[in-house]
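Undergrad: Pasting in a structure now, in C-alpha cells, and then I'll have a few things to ask.
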Amino acid sequence: MTYDPGLSGWGGAPRSTPAARVRATDLDAIRRVLAGAGRRGVTLRGLGRSYGDASLNAGGTVLEMPALDGTFVLHDDGRLTVSAGHSLDTILRRILPHGWWLPVVPGTRQVTVGGAIAADVHGKNHHVDGTFGAHVESLRLVLADGDLVEVSPTQDPELFWATVGGMGLTGVIVEATLRLHRVETSYFLVDTDRTDDVHGLLDLIDAHGDEHRYSVAWFDTATTGARLGRAVLTAGDSAPVSALDPERRRDPLAFDAPTLGKVPLTPPLSLVNRWTARAFNELWYRKAPASRRGEVQDITQFFHPLDLVDDWNRVYGPAGFVQYQAVVPDRESLVELVERIGTSDHVSSLNVLKRFGAANPSPLSFPMPGLTLAADFPIRPGLGALLADLDAIVTAAGGRLYLAKDARTDAATLAAGYPRLDDFRAVRSRVGADRVFTSDLARRLEL
Ligand SMILES: Cc1cc2nc3c(=O)[nH]c(=O)nc-3n(C[C@H](O)[C@H](O)[C@H](O)COP(=O)(O)OP(=O)(O)OC[C@H]3O[C@@H](n4cnc5c(N)ncnc54)[C@H](O)[C@@H]3O)c2cc1C
C-alpha cells in the first residue's frame, strides 16, 4: 500500500484525504457527482491557491474545476464570457493582445475564475475598483439538484451575492461574464517610497493613498525596535504607449511576465527562520530606492513577483506555513497587530499592507473599509497562541479574517467579523446547497 499524503491548500497545512477526486469536464460530469454526493458532500477546487482548508474535503468528494475551460468569448464591448476553470494567467495572455486587462488581479495569476469569484478576491486597486465580484455581470451556477441557473446583481441578487465570496458553498460556478478594463500597454508606471517605520507608512498612505489606481506596501516585521514596520510603498497606473522606450513600443501589449523556474522539491526543514527572514527583509528594503517616480515596470515586477518562482511554498518544508490576513477599521489596531508580531518569537517572512475601499453587498466578502495586513508565518510550536492574540485584536477592533487564507481560527471568531453570516446560511438553505456543498473549512467554521 502506498502512503497518500492527501491534499492541502497553498500553505501546505492542514492536509486531508478525500474519498474521491473527480475532474469537472462538462455539465454532465458535474451533475453526476452532485447526484452521487455521499454524507461527506462535495467540495469544489480550482488551482488550490487558497492557503488553508477551503478546497479540502476529508472523506468526501473533491470536484476539480480547472478542466472546465471551454467557453472563451471576448465581446467587442470588453465583456468576456468564460468557463470558470480558466486561470487568470490564461485569460490575460489571451485578452492583452486585444488591449484588455482584468479588472481585478490578485497577487498570483494562478487562480481560476471560479476561485476568484468564490473568494471575491481583491487586488492592489481595491480602493478604486472594489473586488472581483464587482466586475461580474452575471454567472451560471449548477445548484445542488443539478439545475443550471443564471444569476446577477439584478437576477436573484441574494444568490448572486452569496455566491460571490461564498467559498463554493452555494453551487458550482461554471461560467461568468466579466467586464474588462481597456489598456494601451501591458506595463505600469510606478512610484516607489520607502518609510522608516509603520507610522511613516500609514502617514504616507493617508496623505497619498488615493493618487493612483494601484497601490500596496511591503513591510518588515523581522527587524524590530525603532525600525519595526519599515516599508516600501509602490503605487502606479497602467502605462500609456508614450511612456515606453522604443523597444517596448514595438509590442506594447506583449505579455511581459518573466519567470525563473521552480523550487524542485520540499526541503526536510523550513528554509524560512528568523535569520533568513531578516536577511530577506534587509535585502528587499535595501534594493528599493528611497523615492522614485514614474518607473516603467512589467507584470512580474509590479503585480506578480511571487509568480517569478513556481512552487515557492515548498521552501517552508513539510510543516508548511500560515498566511494570516485580517482587516481592521483603524490604524491604531493595525499598529497593535504589527507590534504584537514584532515582539513575538515567531517570524513573518513576508508582510503586505493595503488600505481597502468600500465593501460590497456579499455577506461573506472579506474587504471592508480599513487597513488589511497579510503575514506569512512558518508553522512551529506556539504559533497558535500568537495567532489567537492577533484574532483578539482584530475582533476587538471590529475587523475580520479572510476565509481564503484561514486554516485555523474558530467559528465564534469568524462569526464576530461577519455579522451577516445568517443571511448567507439562509440562501444556502433556500437552494438546498447545505445538503451537498461543504468543505473542511465549512465544517470547522460552521458556515
Ligand atoms: C501567491 C498568492 C497570492 C495571492 N494574492 C491574493 C490577493 O492579492 N488577493 C486575494 O484576494 N487573494 C489572493 N490570494 C488567494 C487566492 O486568490 C484565492 O484563494 C483564490 O480563491 C484561489 O483560487 P483557486 O482557483 O486556486 O481556488 P481554490 O483555492 O482551489 O478554491 C478557493 C475556493 O473557491 C471555491 N471554488 C473554486 N472553484 C469554484 C467554482 N468553479 N465554483 C464555486 N466555487 C469554487 C473552492 O471551493 C474554495 O472554497 C493569493 C494566493 C496566493 C497563493
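Read-outs: derived from the displayed coordinates by stated rules, not from any lab. Here the structure is a predicted model, which is why all the values come from computation and not from measurement. All Cβ positions, even for glycine, are placed from backbone atoms using ideal geometry, and neighbour counts span all protein chains on display.
Undergrad: Under a Cβ-only charge scheme (Lys and Arg +1, Asp and Glu -1), can you give me the dipole magnitude of region 105-261 about the Cα centre, in debye to the nearest 20?
TA: Dipole magnitude for region 105-261 comes out near 440 debye.
Undergrad: Return the whole-Å distance between the Cα centroid of region 179-193 and the Cα centroid of region 261-288.
TA: Here the answer is 29 Å between Cα centres.
Undergrad: Using the beta-carbon distance between residue 35 and residue 226 and R0 = 60 Å, what value does 1/(1 + (r/R0)^6) give for FRET efficiency, to the nearest 0.05?
TA: 0.45
Undergrad: Same structure, new question: Per residue of region 28-38, what does 6.51 cos²θ - 1.76 cosθ + 1.60 with θ = phi - 60° give for ³J(HN,Hα)? Whole Hz please, x for Gly and Pro, Karplus curve as stated.
TA: In residue order, the calculated couplings are 4, 4, 5, 5, 4, 5, 5, 5, x, 4, x Hz.
Undergrad: Can you tell me the convex hull volume per residue for region 40-184, based on C-alpha atoms, in Å³ to the nearest whole number?
TA: Working: hull volume 16.1 nm³, N = 145.
Per residue, the Cα convex hull of region 40-184 comes to 111 Å³.
Undergrad: Placing +1 at every Lys and Arg Cβ and -1 at every Asp and Glu Cβ, with all other atoms neutral, what dipole size does region 66-416 have around its Cα centre, in debye to the nearest 20?
TA: Using only the charged Cβ atoms, the result is roughly 880 debye.
Undergrad: If you don't mind, there's one more thing I want to ask. Working from the pairwise distances between different alpha carbons, so that the mean of 1/r is found and then inverted, what is region 313-424's Kirkwood radius in Å?
TA: 14.4
Undergrad: Projected onto the charge dipole of the chain (+1 at Lys/Arg Cβ, -1 at Asp/Glu Cβ, origin at the Cα centre), which of 383, 253, 224 gives the Cα projection farthest towards the positive end?
TA: Positive-most Cα among the choices belongs to 383.
Undergrad: In addition: Per residue of region 337-342, in order, report the coupling 6.51 cos²θ - 1.76 cosθ + 1.60 (Karplus, θ = phi - 60°) as ³J(HN,Hα) in whole Hz, putting x for Gly and Pro.
TA: Whole-Hz 3J(HN,Hα) from phi for region 337-342: 4, 4, 5, 5, 5, x.
Undergrad: With unit charges on the beta carbons (Lys and Arg positive, Asp and Glu negative) and the dipole taken about the Cα centre of the chain, which residue among 35, 84, 189 sits farthest to the positive side?
TA: In the chain, that residue is 35.
Undergrad: Relative to the Cα centre, what is the charge dipole magnitude of region 294-447, using +1 at the beta carbon of each Lys and Arg, -1 at the beta carbon of each Asp and Glu, and rounding to the nearest 20 debye?
TA: Numbers: 16 positive and 20 negative charges, 116 e Å.
Here region 294-447 has a charge dipole of around 560 debye.
Undergrad: Would you mind classifying region 252-293 by shape? Square roots of the alpha carbon gyration tensor eigenvalues, ordered a ≥ b ≥ c; an a/c under 1.5 is rounded, otherwise it is prolate if a/b is larger than b/c and oblate if not.
TA: oblate
Undergrad: A further question follows. Over region 1-158, what is the relative contact order in percent, taking alpha-carbon pairs closer than 8 angstrom and at least six residues apart?
TA: Result for region 1-158 is 17 percent.
Undergrad: How large is the translational diffusion coefficient of the chain in µm² per second when you combine the Kirkwood radius over alpha carbon pairs with Stokes-Einstein at 4 °C and 1.567 mPa s?
TA: For these conditions, the coefficient is 58 µm²/s.
Undergrad: To continue, here is another question. Just need the relative contact order of the chain here, percent rounded to a whole number, with Cα pairs under 8 Å and 6+ apart.
TA: 19
Undergrad: Suppose a student asked you for the relative contact order of region 208-367, using Cα pairs under 8 Å spaced at least 6 residues apart; what percent would you report?
TA: Relative contact order comes out at 35 percent.
Undergrad: Work out how much length residue 290 to residue 262 would gain on full extension: take 0.36 nm times their residue separation and subtract the Cα-Cα distance, in nm to one decimal. Each step should come with its number before you reach the end.
TA: Numbers: separation 28, 0.36 × 28 = 10.08 nm, distance 3.10 nm.
Extra length available between residue 290 and residue 262 comes to 7.0 nm.
Undergrad: Name the residue from 308, 277, 264 whose Cα lies farthest towards the positive end of the charge dipole of the chain, charges +1 on Cβ of Lys and Arg and -1 on Cβ of Asp and Glu.
TA: Projecting each Cα onto the dipole axis, the largest value belongs to 264.
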